[in-house]
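The values are calculated or read from the model by the stated rules, or taken from the named source; none is laboratory data. None of these values were measured; they are calculated from a predicted model. Note that each Cβ is placed from the backbone with ideal geometry, even for glycine, and that neighbours are counted across all protein chains shown. Calculation scope for accessible area: heavy atoms of the full protein, side chains included, ligands and nucleic acids excluded. Shrake-Rupley method; radii C 1.70, N 1.55, O 1.52, S 1.80 Å.
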Amino acid sequence: MTANSNARNFESASSLNRRLGLPFSNLSLLERALTHRSYVNEHQDAAEDNERLEFLGDAALDFVAGAWAYRRFPDMPEGDLTKIRSALVCNDQLAKFARTLNLERALRLGRGEFLSGGKSRNGLLSSLFEAVIGALYLDSGLSAVEIFVIPLLEEARASVLTKIHDPKSQLQEWTQARKLGAPRYRTILTSGPDHAKEFEVETYVNERVAGRGRGTNTHAAQ
């Protein structure tokens with residue numbers, strides 16, 4: 001099979017609709033959501049790419065993620081809710097959702113985009129996920145979007161909470177807010193036998209030692 005035929009060997013919209021248990025009644029909307037502009041440039045029969053649906057899906061995801069976080073964490077302050085929402089709708093996380101659902105199997109790419117590895121790029125996959133959400137909203141409404149997306153948000157909850165409460169991230173936010181630059185870490189001592197090593201790390205802020213920590217690996221020490 002040639003690279004060009006590979007580029008065209010994508011899962012159909014009807015197959016994707018069945019596989020994911022989606023409620024689409026207008027499959028042309030879903031087909032458009034799966035169509036990258038590079039495919040439209042090469043196929044005259046493809047009427048429209050997914051960029052407008054991507055715009056709509058971005059707005060719908062922002063609302064659904066924010067509403068989910070608000071209900072899921074009733075005692076959490078507004079600042080942390082904002083961090084959770086941002087972490088859930090960032091490109092990397094949306095690309096993870098797309099990969100979890102194997103959306104790339106249905107993505108319509110032009111030959112050049114396919115050959116350059118478009119199906120594996122986070123930016124393209126996150127846009128694809130947003131476009132599918134935009135199409136789902138137009139076809140079946142916000143409640144259908146919530147039914148589809150909330151299980152994915154629940155799956156990502158633990159990793160997102162770890163990310164926003166990561167002490168290194170909090171320190172970086174603090175230093176950058178005070179225009180001190182990003183913290184820098186240096187391992188100054190490694191001790192103990194191979195099966196029970198301990199690491200000592202110094203943290204530098206604005207080129208001055210700001211703290212020191214120990215741990216069983218460098219990440220824990222940092």
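Quick look at the values:
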item	result
Residue identified as of a type in the set (Val, Ile, Thr), under 23 Å from LYS83 (Cα atoms) and in contact with a Gly (Cβ under 9 Å, 6 or more places away or on another chain) among ILE133, ILE164, ILE147	ILE133
Flag for ARG52 being under 17 Å from TYR137 (Cβ atoms) and not hydrophobic (A, V, I, L, M, F, W, C)	yes
Residues being in a loop (DSSP other than H, G, I, E, B) and either among the aliphatic types (A, V, I, L, M) or open to solvent by 50 Å² or more (accessible area, probe 1.4 Å) (or both) - total across the stretch 150-171	1
Residues within the stretch 105-140 that are small (Gly, Ala, Ser) and within 12 Å of LEU22 (Cα to Cα), tallied	2
Extreme residue, least open to solvent (accessible area, probe 1.4 Å), among residues of the stretch 1-15 that are at pLDDT below 90 and of a type in the set (Gly, Ala, Ser)	ALA7
For ASP62: the one exception among (1) under 30 Å from GLU173 (Cβ atoms); (2) surrounded by fewer than 20 Cβ atoms within 10 Å (Cβ to Cβ); (3) over 13 Å from the mean Cα position of the chain (by Cα); (4) not basic (Lys, Arg)	(3)
Residues of the stretch 172-206 that turn out to be assigned to a helix (DSSP H, G or I), free of Cβ contacts under 8 Å to residues at least 12 places away in the same chain and of a type outside the set (S, T, N, Q), as a count	5
Residue under evaluation LYS83, criteria (1) closer than 22 Å to ARG121 by Cβ; (2) modelled with pLDDT under 95; (3) of a type outside the set (S, T, N, Q), criterion not met	(1)
The stretch 155-171 - residue that is touching a Lys or Arg at 6+ places or on another chain (Cβ under 8 Å) and touching a residue at least 24 places away in the same chain (Cβ under 8 Å) and, of those, nearest to ASP49 (Cα to Cα)	ALA156
The stretch 70-120: number of residues that are surrounded by 16 or more Cβ atoms within 10 Å (Cβ to Cβ), assigned to a helix (DSSP H, G or I) and touching a residue at least 40 places away in the same chain (Cβ under 8 Å)	13
Within the stretch 16-56, considering residues that are over 29 Å from ILE147 (Cα atoms) and open to solvent by less than 40 Å² (accessible area, probe 1.4 Å), the one modelled with the lowest pLDDT	ALA46
Where SER126 falls short, out of the listed (1) free of Cβ contacts under 8 Å to residues at least 40 places away in the same chain; (2) out of contact with any strand residue (DSSP E or B) (no Cβ under 9 Å at 6 or more places or on another chain); (3) hydroxyl-bearing (Ser, Thr, Tyr); (4) open to solvent by 20 Å² or more (accessible area, probe 1.4 Å)	(4)
The one condition in (1) under 23 Å from LEU88 (Cα atoms); (2) open to solvent by 60 Å² or more (accessible area, probe 1.4 Å); (3) in contact (Cβ under 8 Å) with a residue 40 or more places away in the chain that GLU146 fails to fulfil	(2)
In the stretch 19-67, the residues that are aromatic (Phe, Trp, Tyr) and outside any loop (DSSP other than H, G, I, E, B)	TYR39, PHE55, PHE63
VAL64 being within 28 Å of GLU154 (Cβ to Cβ) and of a type in the set (A, V, I, L, M)	yes
